[in-house]
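Below is one structure, written out as structure tokens; comments come after it.
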Amino acid sequence: MTTLKAKDYTTDQDVRWCPGCGDYAVLAAVRKALPVIGGAKENQVFVSGIGCAARFPYYMETYGMHSIHGRAPAFATGIKLANPQLDVWLVSGDGDLLSIGGNHTMHAMRRNVGIRILLLNNRIYGLTKGQYSPTSEVGKITKSTPMGSIDEPVMPLALALAAECSFVARCLDIDAKPLGAIMERAAGHAGTAFVEVLQDCNIFNHQAWFHASQKDTRPANTLQLVHGDPMIFGVDSERCIIRSQDGLGVANVADVDAADIVVHDETNRTQAFELATMRYPDFPEPLGVLYVNADRPMYEAACEDQVARAKADRPADLQALVHGPETWQVT
Amino acid sequence: MPDSTTTPTNQPPIAVDDVAVRFAGDSGDGMQLAGGQFTATTALVGNDFATFPDYPAEIRAPRGTTFGVSGFQVHFSSNTIHTPGDVVDVLVAMNPAAFKTNIADVRPGGIVLADEDEFGKVGLKKAGYEPDVNPLDDEDLQRRYRIVPVPLSRIVREELADDDHGAKEVMRCRNIFALGLVCWLYDRPLEPTIDHLNETFGVKKGRQDIADLNIRALRAGWNFGETAELVGERYTVAPADLKPGTYRRISGNEAMVLGLTAAARKANKPMVYASYPITPASDVLHGMSGMKRFDVTTFQAEDEIAAVCAAIGASFAGSIGVTGTSGPGLALKGEAMGLAVMLELPLVILDVQRGGPATGMPTKPEQADLLQAMFGRSGEAPVIVLAAASPSDCFDTAIEAVRLATRHMCPVIVLSDAAIANGAEPWKLPDLEAIEPIEITHPTEPNDGEVFHPYMRDEHTGGRPWAIPGTPGLEHRVGGLEKEAVTGNVCYDGENHEAMVHARQAKIMAAQAVIPPIEVGGDTTSDTLILGWGGSRGAILEAADQLSAAGTPVAHAHLRHLNPFPADLGDVLARFDRVIVPETNSGQLRFLLRATYLCDAIGVNVMRGRSFQVQELVEGITRAMEGKS
């Protein structure tokens, strides 16, 4: 088999995102990651809902479906039910997957359908030109909130964990390498893999995540999670996460015993939930793989199994089926 | 021991042609079971029949109240019949509420078997009667009907009492006692019911004692009829002159399940049935969930929208995607159906219609979703619309839906309704070999040199190639944005859009090539055509027969294909001076006929939460023919 390159995943369609959009970085990272992940192009399907991010499938030289607003997880579920062997990637935005499609996102996760969700979270409605989104912060001034948003934002990672999602991760749009690495792990995960990508919208929500994404802000304001490593961050690795009576807290490394620094355990769902609910500026933004549960059965596999058992149990005799339990003769 | 060969001690049974019996009681009284079992017995005797289960939306309304009354009507005959019957010859009323809500449907002189023990003060009050006024004693009613008070509860309590069963278990056999009594009255054998009870309670549930208790109740009912001489005579209905063959009893929802499954096998494709529970379509989901061995996967989605989206996803990936619902669910599926129109993928949407709008009357039939099926989507989004005419017709309609959806790569809506979905009739088993295979091809090679164009059309069907993921070299994207013809690329060009609107319409019209011409029945030389669609066929046939017999010959025709109409419909309409369109809505087909053919059709419209009664149809048609409305 020939080795594929990023350009093999590039369609002949002009990419129509705004110049400087974070989507470009993600698209480039995905095109770069897929050849590394491997697998046949014809078995890959990109599914999306509606929004800027949802144009993604048009730019991927794989099978693809740009569906309707919020429903991508349901389409993806149907695709997996019909053919569990397909690699199904779902790329959509925060409005699509957390607002109109919140219901479907939640149910795909709790069923553990084997799909990989990249949620591009720019905390704004871009395609409709700048209304606040379900992840916008309280007080956000937008076209539809001239006096500031009064909606408490959704915490996507916490929502995913509450829905029993079996793989939960987070990274930055501009971080091609970590994004590729997380995609690789997501691709190897049997079940729903959820990756929140913190993303900029340079037209309607510029600098959305600049407190975490810039060279000069990142060390102080992000926490890179590594399984088995103590949670240490800061410009000089001088800050850390500790556990107190009130839950997780931030401290100076110098002020605590090394043993008191919380160690990341991506199999610990309770701790993952604590990480998922950390809020800037009291806490750094956690990045990396928060949680993995490789033991949950996959939905489509369970479905296939039932079909297989039913077939083994009784022959598929259409004549007998139509005949039914009771007949009579008319002569 | 009573059986079909028992000679009654009194008179031999009187032969009658045609009988309708209604079992009515509390929704927990087991009326559906008693009615269903009586129907099974009737089928084995060889009568033609049609049934009408009428149950409340509430699962267990307060006992004894009128809104908790559940009924099951069986119409059986030595002739060919098509409806459950306008009026009933025998009403079994298990309590005052059942008596009150059903008595008006008994024909004058009809028999009313009432459990007199339930007509005490409490029972009367619950049903809204004055506690001191027992309708069983009402002289007006006694003149009008043959009211037969039966000490049903008392006999069951006394006859069945034993040390092993509590009063509750014993009293649960009241329905089977009533069934035994009606079996005696119409000379039906008890064996089928005994077998059924042994199977259901003994074999399946391991409660042979309960089976035995019910069998004792059944015989007690029969014996009571034979010895009490309350009714006097008995009746018998000779077998009907049905076409020779093997028959079974089938309801519309059962036939839909068999039809969809048969279609999947005829197409040699897996099927994904995605649905969300909704009355009266849930039984199709239940049925399909038992079809896994035929490569059917069922998916109970989180909502109606997810159900249709999953079905579309399944079709994209190469299964036959089907979703089922009722009117409110169809409304929710609208946007996704529009997407399926745009994606040009096969999709079957079943709508078991019920009274609307909104929650409306969930257990009652109505034909009021036709225009929703036609137009309930944004933009110009034509789909194929079919309607089943009877319970067994659901089988053929389901197969045709799959055939057309895959042939033209488009959504097909199948309309059924609560009456045919739950109603049953005899069904002469189809010759499965005679059903044409459903030919489906998935391309494996590019269709333009080295290039694959996902929107290159078949010149005959208008359909596009159904290339499925997993096929190397045919990777392509589909989506809700307007497509450029041939390439399928996103395209906002106005002229292309107009051409695509026409193309999507044209492929729906292309189905006319495989839609059979209209069969006009009755007196084809009449100047009047009665044109119906969907579940009202039986009532229209009987009404037309009655009119002809009474010296008013009319022609009649019935539409399964609502979009596109059969190609010859315009010509057929033009042959008649008068076109009368009976519908249980306010004139939706009539609206379409007027819009399509400038045909000044006259409506007969009834919206009473039930199917047409033959008599009201005869009167409505007569009025229409006299120029009154």
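Here are a few things to note about the model shown:
- Residue pairs whose Cβ atoms lie under 8 Å apart, separated by 6 or more positions or on different chains, with the first residue in the stretch A:72-96 and more than 10 Å from every other protein chain (Cβ to nearest Cβ) and the second among the aromatic types (F, W, Y), are A:W89/A:F46; A:L90/A:F46; A:V91/A:F46; A:V91/A:F56; A:S92/A:F56; A:G95/A:Y125.
- Cross-chain or 6+ apart pairs with Cβ under 6 Å, the stretch B:300-316 first and more than 22 Å from B:T441 (Cα to Cα) and facing chain A (nearest Cβ under 7 Å), then in a helix (DSSP H, G or I) and at pLDDT below 95: none
- Against the numbered list (1) assigned by TED's automatic domain parsing to the domain that holds B:L562; (2) of a type in the set (S, T, N, Q); (3) out of contact with any Phe, Trp or Tyr (no Cβ under 6 Å at 6 or more places or on another chain), B:S536 comes up short only at (3).
- Of the residues in the stretch B:460-472, at least one is more than 14 Å from every other protein chain (Cβ to nearest Cβ), in contact with a strand residue (DSSP E or B) (Cβ under 6 Å, 6 or more places away or on another chain) and over 24 Å from A:C52 (Cβ atoms).
- Inside the stretch B:130-169, residues that are touching a strand residue (DSSP E or B) at 6+ places or on another chain (Cβ under 6 Å) and either among the basic types (K, R) or not assigned by TED's automatic domain parsing to the domain that holds B:A228 (or both) make up a count of 2.
- For the stretch A:22-66, a residue qualifies if it is of a type in the set (K, R) and free of Cβ contacts under 8 Å to residues at least 12 places away in the same chain, but none of them does.
- Inside the stretch A:222-240, residues that are aliphatic (A, V, I, L, M) and part of a loop (DSSP other than H, G, I, E, B) make up a count of 4.
- The residues on offer are B:L179, B:L230, and the sole one that is surrounded by 17 or more Cβ atoms within 10 Å (Cβ to Cβ), away from every other protein chain (no Cβ under 13 Å) and not basic (K, R) is B:L179.
Conditions (1) among the basic types (K, R); (2) farther than 25 Å from B:T363 by Cβ, marked per residue:
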| position | (1), (2) |
| --- | --- |
| B:S536 | no, no |
| B:A539 | no, no |
| B:D545 | no, yes |
| B:D571 | no, yes |
| B:V579 | no, yes |
| B:R590 | yes, yes |
| B:I602 | no, yes |
| B:I621 | no, yes |
| B:A624 | no, yes |
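- Scoring B:A24 on the criteria (1) in a helix (DSSP H, G or I); (2) closer than 14 Å to B:V182 by Cβ leaves a single failure, condition (1).
- When we screen A:D216, A:D175 for residues that are under 27 Å from A:P19 (Cα atoms), surrounded by fewer than 15 Cβ atoms within 10 Å (Cβ to Cβ) and acidic (D, E), the only hit is A:D216.
- Residue within the stretch B:190-204 that is closer than 26 Å to B:S78 by Cα, surrounded by fewer than 20 Cβ atoms within 10 Å (Cβ to Cβ) and without any contact (Cβ under 8 Å) to a residue 60 or more places away in the chain present: yes
- Answer from B:N268, B:N253 - the residue that is among the polar types (S, T, N, Q), under 22 Å from A:L321 (Cβ atoms) and under 20 Å from the mean Cα position of the chain (by Cα): B:N253
- Under the condition of being more than 14 Å from every other protein chain (Cβ to nearest Cβ) and either basic (K, R) or exposed (fewer than 15 other Cβ atoms within 10 Å of the Cβ) (or both), the residues counted in the stretch A:10-27 number 3.
- Residues that are facing another protein chain (nearest Cβ under 7 Å) and in a loop (DSSP other than H, G, I, E, B) were ranked within the stretch B:477-499; the one that is nearest to B:A317 (Cα to Cα) is B:G480.
The values are calculated or read from the model by the stated rules, or taken from the named source; none is laboratory data. Computed from a predicted model, the values in this text were never measured in an experiment. FYI the Cβ positions are ideal-geometry reconstructions off the backbone, even for glycines, and counts take in every protein chain you see.
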